[in-house]
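The values are calculated or read from the model by the stated rules, or taken from the named source; none is laboratory data. Model, not experiment: these values are computed from the prediction. Methodologically, a virtual Cβ is constructed for each residue, glycine included, from the backbone with ideal geometry; neighbour enumeration extends over all protein chains shown. These accessible areas exclude ligands, DNA and RNA; they are computed on the full protein's heavy atoms, side chains included. Shrake-Rupley method; radii C 1.70, N 1.55, O 1.52, S 1.80 Å.
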Amino acid sequence: MSQWLNEDQIQIQELVRRVARERVAPRAQDIDREAKYPQDMFDMLRELGLFILPFPKEYGGTDSLLSACIAVEEIGRVCYNTAYLLVLQWVPIGAILAGGSKEQKDKYLPGLSTGVLRGAFSLTEPQSGSDVAGIRTRAKRDGKGYRLSGSKIWCTNSGNADFVLVAAMTGAEGSRGKINMFIVEKGTPGFEVGPKEDKMGARGVGSHALFFDDVYVPEENRLGYEDTGFRVTMAALNDSRPIMAARGVGLAQGAMDHAIEFITGRRAFGQAISDFQGVRWMIADMAIQIAAARNLTYEAASAVDRGVRGAALGPLAATAKCFATDTAMKVATDAVQLFGAAGISNEYPINRYFRDAKVLQIIEGTNQIQRNIVARSVLPH
Ligand SMILES: Cc1cc2nc3c(=O)[nH]c(=O)nc-3n(C[C@H](O)[C@H](O)[C@H](O)COP(=O)(O)OP(=O)(O)OC[C@H]3O[C@@H](n4cnc5c(N)ncnc54)[C@H](O)[C@@H]3O)c2cc1C
């Protein structure tokens with residue numbers, strides 16, 4: 001039994017593991033192949049009430065990021081895309097909880113927690129991803145509201161979202177920084193969801209370009225006080241970073257599961273592949289890295305649940321995200337190797353893990369950016 005999990009969390013783990021094996025795993029390969037939004041999986045997660053997990057108790061949740069991480073890990077072990085549906089439901093809540101007004105919380109949080117509403121989060125632009133302060137989408141004051149102009153790329157879930165949290169510059173034209181977050185609802189005049197990226201991984205949930213042509217957004221749709229909402233949003237995103245680590249742990253575990261099944265069933269030179277010492281050590285290395293990644297992830301999530309924040313949490317969460325998603329990439333790469341040519345064939349599931357693992361090293365702060373956070377915490381300024 002893990003030292004991190006309490007009885008309730010062990011029950012969540014058992015339930016979600018069973019659902020993942022029985023209901024999610026049989027759909028995983030088709031979701032990836034068809035690159036089509038898995039509405040059936042969204043409905044199943046909603047019926048199981050899993051969206052509510054990390055919500056505060058007043059909304060009926062467990063108020064536990066660790067519980068959310070466990071669910072993401074178990075689903076992500078069999079299907080990256082279905083685990084993504086959970087994560088996408090949770091991306092806006094930290095920001096709204098931390099920076100939203102009472103009206104915004106009442107309007108959006110109950111719907112997100114029950115799966116009645118879906119959101120998306122949009123920061124990235126063609127010229128600026130990691131360099132957040134370099135965004136060019138502008139929000140110009142207009143009476144009791146703002147007018148948004150510009151474009152975004154890589155906004156995941158925006159094709160299905162009822163609203164998008166959009167970062168826009170409020171400073172003078174050409175200046176950097178001074179960013180605010182705005183809630184832009186689907187159907188707002190001048191707001192358009194553009195074409196879907198053709199992606200190598202994370203294929204089940206579309207990532208789209210967004211266009212804002214003089215879009216009027218009332219002041220009450222700004223998150224937080226003027227010029228503080230963005231800082232609050234980014235802090236909330238940092239707090240939920242252990243969820244990204246949990247996706248890495250689940251993916252790595254799933255890739256190892258498939259590798260073990262394959263090498264114990266296949267023979268070469270008169271013996272099972274799994275009897276060659278070189279192969280056994282590859283599996284041992286996978287197990288060692290996954291155990292370390294899981295511990296780092298649970299430690300970071302438990303810290304969030306204990307109320308650790310800011311400079312004390314940042315490097316811990318960055319370490320977990322970086323190590324767990326690098327582990328996912330390493331384990332998936334070695335798992336493909338152990339499949340031999342079958343690892344390259346789309347008949348087998350393992351190259352899906354390999355393609356999805358690469359995404360995890362890039363999203364929600366690339367692993368170089370995570371290393372920058374860790375370096376800042378250990379080197380003199
Ligand atoms: C599948 C997918 C889904 C996504 N969904 C969303 C979404 O929903 N919303 C959203 O806003 N964005 C989303 N993104 C975008 C993602 O957040 C960015 O791709 C990411 O932040 C990196 O930005 P970039 O691609 O512009 O790379 P760049 O910032 O241009 O970086 C290019 C390379 O340079 C490195 N680099 C940059 N700066 C530094 C530095 N200071 N030190 C060391 N190395 C550095 C990077 O690590 C990277 O390797 C998604 C991306 C993908 C692939």
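Going by what's in this entry, would Thr233 be described as in contact with a Leu (Cβ under 7 Å, 6 or more places away or on another chain) and either under 30 Å from Met282 (Cα atoms) or not in a strand (DSSP E or B) (or both)? So Thr233 passes the test. For the structure I just gave you, tell me whether Lys102 is open to solvent by 10 Å² or more (accessible area, probe 1.4 Å), modelled with pLDDT under 95, over 20 Å from Asn238 (Cβ atoms) and away from the ligand (no atom under 16 Å from the Cβ). Yes, satisfied. Within the range 120-136, the set of residues being in a strand (DSSP E or B), touching a residue at least 12 places away in the same chain (Cβ under 8 Å) and hydroxyl-bearing (Ser, Thr, Tyr) comprises just one member, Ser122.
Give the residues of the range 304-326 that are in contact (Cβ under 8 Å) with a residue 60 or more places away in the chain, part of a helix (DSSP H, G or I) and among the hydrophobic types (A, V, I, L, M, F, W, C), sorted by residue number. Once the filter is applied, which keeps residues that are in contact (Cβ under 8 Å) with a residue 60 or more places away in the chain, part of a helix (DSSP H, G or I) and among the hydrophobic types (A, V, I, L, M, F, W, C), the range 304-326 yields Val304, Ala311, Ala317, Ala318, Ala320, Phe323, Ala324.
Quick grid of which residues meet (1) at pLDDT 95 or above; (2) within 15 Å of the ligand (Cβ to nearest atom):
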site: Gly150; (1), (2): yes, yes
site: Asn157; (1), (2): yes, yes
site: Thr170; (1), (2): no, no
site: Lys178; (1), (2): no, no
site: Lys186; (1), (2): yes, no
site: Gly194; (1), (2): yes, yes
site: Lys199; (1), (2): yes, yes
site: Val217; (1), (2): yes, no
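Determine if the range 46-66 includes at least one residue that is assigned to a helix (DSSP H, G or I), hydrophobic (A, V, I, L, M, F, W, C) and within 21 Å of Val308 (Cβ to Cβ). Spell out how you get there, then give the answer.
Keep residues of the range 46-66 that are assigned to a helix (DSSP H, G or I), which gives 46-48, 50-52, 57-59, 65-66.
Remaining after also requiring hydrophobic (A, V, I, L, M, F, W, C): 48, 50-52, 65-66.
Next cut, within 21 Å of Val308 (Cβ to Cβ) only: 65-66.
The answer is yes, given that some residue of the range 46-66 is assigned to a helix (DSSP H, G or I), hydrophobic (A, V, I, L, M, F, W, C) and within 21 Å of Val308 (Cβ to Cβ).
In the set Met169, Met181, Met244, only one residue is open to solvent by less than 10 Å² (accessible area, probe 1.4 Å) and over 24 Å from the mean Cα position of the chain (by Cα); that residue is Met169. Considering Leu88, Leu117, Leu97, Leu148, the condition of being out of contact with any Cys (no Cβ under 7 Å at 6 or more places or on another chain), open to solvent by less than 10 Å² (accessible area, probe 1.4 Å) and touching a residue at least 12 places away in the same chain (Cβ under 8 Å) is satisfied by Leu148 alone.
Looking at this structure, is Arg141 within 16 Å of the ligand (Cβ to nearest atom), basic (Lys, Arg) and not in a helix (DSSP H, G or I)?
Numbers: within 16 Å of the ligand (Cβ to nearest atom): no; basic (Lys, Arg): yes; not in a helix (DSSP H, G or I): yes.
It is false that Arg141 is within 16 Å of the ligand (Cβ to nearest atom), basic (Lys, Arg) and not in a helix (DSSP H, G or I).
Against the definition (within 16 Å of the ligand (Cβ to nearest atom), closer than 30 Å to Glu261 by Cα and open to solvent by 30 Å² or more (accessible area, probe 1.4 Å)), how does Ile373 come out, yes or no?
Values: within 16 Å of the ligand (Cβ to nearest atom): yes; closer than 30 Å to Glu261 by Cα: no; open to solvent by 30 Å² or more (accessible area, probe 1.4 Å): yes.
Criteria not met by Ile373.
Residue count for the range 327-370, restricted to those that are of a type in the set (D, E, K, R), part of a helix (DSSP H, G or I), open to solvent by 40 Å² or more (accessible area, probe 1.4 Å) and in contact with a helix residue (DSSP H, G or I) (Cβ under 7 Å, 6 or more places away or on another chain): 2. Here the strands (runs of 3 or more DSSP E) wholly within the range 157-221 that include at least 1 residues being of a type in the set (Val, Ile, Thr) and either over 26 Å from Leu360 (Cα atoms) or without any contact (Cβ under 8 Å) to a residue 12 or more places away in the chain (or both) are 179-185, 207-218.
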